[in-house]
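Q: One structure coming up, written as structure tokens, with questions to follow.
The values are calculated or read from the model by the stated rules, or taken from the named source; none is laboratory data. All values derive from a computational prediction rather than experimental measurement. Reconstructed Cβ throughout: ideal geometry from the backbone, glycine too, with neighbour counts over all protein chains shown.
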Amino acid sequence: MAIVIGLMNRKGGAGKSTLTKLLASAIAHSKKKCLVIDLDPAEDILKWWTRAESNGHYDEKIMVRATTVAEDLYEIVAKNDDTVDFIIIDTKGEGAEWADDLAGVVDRIVVPCTNANPDRDRTRETIAWHDDLKKRVVSADQIPPLQVVLTRVPPVMVRHKKDLPKPKDITTRDFDRHYEIVAEFNPLSTMVPERPQYREMDEQGLLGGIMDRCRNGQWSDKGQALHYESALAHAIDLMNNIIEGTKMEPSHGA
Ligand SMILES: Nc1ncnc2c1ncn2[C@@H]1O[C@H](COP(=O)(O)OP(=O)(O)OP(=O)(O)O)[C@@H](O)[C@H]1O
Ligand SMILES: [Mg+2]
């Protein structure tokens, strides 16, 4: 049985597709198979993988399917459930007519949230939808858990503990809102930092492949390999965190 993870946040640019690429990188590096379903009509993930493959960055552990019909999810998941280890579903920013169908097929709903008011509002709406869904069904315990992941976090805030002084290059407003969001949403303990290495996935596919190309001198300098290794290790931590569902420590403000 595959573990099925659905990314969801109605706010565009919250980092759903980046999280999808990160998780696919972590899964491929762990020698597991992953099907990524692109439910976004913009087909960002399908285009990303097609581009990566045509640039020679193929990985047979990753498959990508695109559909715009949410009801298709049941069939696609059922068909692949025994042949892959993970199924990741990337969704579109707008609309929520597909949300119930998504909840019907996934084991975890992951909601990326950046430190910005519109993201925070959309995350609240997604949590309200999830609470409402639990009321609309006979057995609420069958509804997959919803986990908020803080994304695009300045690295200095990933390391920060609540009682330490504010880092000098973070504004008071951002600093306060970071901890308000933590208190409000009780996010997973692993945050996604803002990293140039994650943006490079847009061009070059999976993190492990980019790391290998740095190591053997095919791309960039060897010193960069370490940054990709650390980015990959972080992605693996995040994957484990999503499976285990561990929330933030009180020292991080939860
Ligand atoms: N942690 C990060 N570090 C660096 N860049 C990031 C990070 N997260 C997202 N980005 C960049 O921000 C842009 C938007 O992110 P992404 O495409 O993941 O958002 P999305 O939620 O999928 O948006 P949409 O709903 O429009 O599909 C991308 O260009 C991506 O490279
Ligand atoms: Mg996207």
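Q: Looking at region 97-111, is at least one residue in contact with a Gly (Cβ under 8 Å, 6 or more places away or on another chain), surrounded by fewer than 16 Cβ atoms within 10 Å (Cβ to Cβ) and not β-branched (Val, Ile, Thr)? Working first, answer last.
A: Taking region 97-111 first, the residues in contact with a Gly (Cβ under 8 Å, 6 or more places away or on another chain) are 102-103, 105-106, 108-110.
Now narrow it down to the ones that are surrounded by fewer than 16 Cβ atoms within 10 Å (Cβ to Cβ): none.
Scanning region 97-111 turns up no residue that is in contact with a Gly (Cβ under 8 Å, 6 or more places away or on another chain), surrounded by fewer than 16 Cβ atoms within 10 Å (Cβ to Cβ) and not β-branched (Val, Ile, Thr).
Q: On to the next question. In region 71-101, what residues are among the polar types (S, T, N, Q) and more than 16 Å from ligand 1 (Cβ to nearest atom)? Outline the logic, then answer.
A: Residues of region 71-101 among the polar types (S, T, N, Q): 80, 83, 91.
The answer is Asn80, Thr83.
Q: Same structure, new question: Of all the helices (runs of 4 or more DSSP H) wholly in region 142-254, which have at least 3 residues that are within 16 Å of ligand 1 (Cβ to nearest atom) and over 25 Å from Arg124 (Cα atoms)? So that I can check it myself, show each step before the final result.
A: Working: elements: 155-159, 172-185, 196-204, 207-215, 223-244.
The helices (runs of 4 or more DSSP H) meeting that bar are 196-204, 223-244.
Q: Listed residues Ala70, Ala116, Ala99; which is at pLDDT 95 or above and of a type in the set (Gly, Ala, Ser)?
A: Numbers: Ala70 fails: at pLDDT 95 or above; Ala99 fails: at pLDDT 95 or above.
Among Ala70, Ala116, Ala99, only Ala116 is at pLDDT 95 or above and of a type in the set (Gly, Ala, Ser).
Q: While we're looking at this one, here's another question. Could you check region 9-36 and list, in sequence order, the residues that are among the basic types (Lys, Arg) and either under 8 Å from the mean Cα position of the chain (by Cα) or closer than 15 Å to Tyr198 by Cα (or both)?
A: Here is the first cut: in region 9-36, the ones among the basic types (Lys, Arg) are 10-11, 16, 21, 31-33.
Result: Lys16, Lys21.
Q: OK, next. From the residues in region 5-56 that are polar (S, T, N, Q) and more than 17 Å from Gly209 (Cα to Cα), which one is nearest to ligand 1 (Cβ to nearest atom)? Reasoning before the result, please.
A: To start, the set of residues in region 5-56 that are polar (S, T, N, Q) comprises 9, 17-18, 20, 25, 30, 50, 54-55.
Adding the requirement that they be more than 17 Å from Gly209 (Cα to Cα) leaves 9, 17.
Values: Asn9: 6, Ser17: 3 Å.
Within region 5-56, the match that is nearest to ligand 1 (Cβ to nearest atom) is Ser17.
Q: Could you list, in sequence order, the residues of region 9-38 that are modelled with pLDDT of 95 or more and among the hydrophobic types (A, V, I, L, M, F, W, C)?
A: Leu19, Leu22, Leu23, Ala24, Ala26, Ile27, Ala28, Cys34, Leu35, Val36, Ile37 - these are the residues of region 9-38 that are modelled with pLDDT of 95 or more and among the hydrophobic types (A, V, I, L, M, F, W, C).
Q: Do the conditions hold for Leu39, that is, is it within 20 Å of Val110 (Cα to Cα) and in contact with a helix residue (DSSP H, G or I) (Cβ under 6 Å, 6 or more places away or on another chain)? Even if it seems obvious, please write down each step before you answer.
A: Working: within 20 Å of Val110 (Cα to Cα): yes; in contact with a helix residue (DSSP H, G or I) (Cβ under 6 Å, 6 or more places away or on another chain): no.
Judged against the criteria, Leu39 is not a match.
Q: So is Lys134 under 27 Å from Ala183 (Cα atoms), modelled with pLDDT of 95 or more, of a type in the set (D, E, K, R) and assigned to a helix (DSSP H, G or I) or not? Give the derivation first.
A: On the way: under 27 Å from Ala183 (Cα atoms): yes; modelled with pLDDT of 95 or more: yes; of a type in the set (D, E, K, R): yes; assigned to a helix (DSSP H, G or I): yes.
Yes: the conditions hold for Lys134.
Q: Name the residues in region 146-166 that are closer than 26 Å to Tyr198 by Cα and surrounded by fewer than 14 Cβ atoms within 10 Å (Cβ to Cβ), would you?
A: Listed by number, the residues that qualify are Pro155, Val156, Arg159, Lys161.
Q: Among the numbered conditions (1) surrounded by fewer than 19 Cβ atoms within 10 Å (Cβ to Cβ); (2) out of contact with any helix residue (DSSP H, G or I) (no Cβ under 7 Å at 6 or more places or on another chain), tell me where Gly209 comes up short.
A: So Gly209 meets the others, but not (1).
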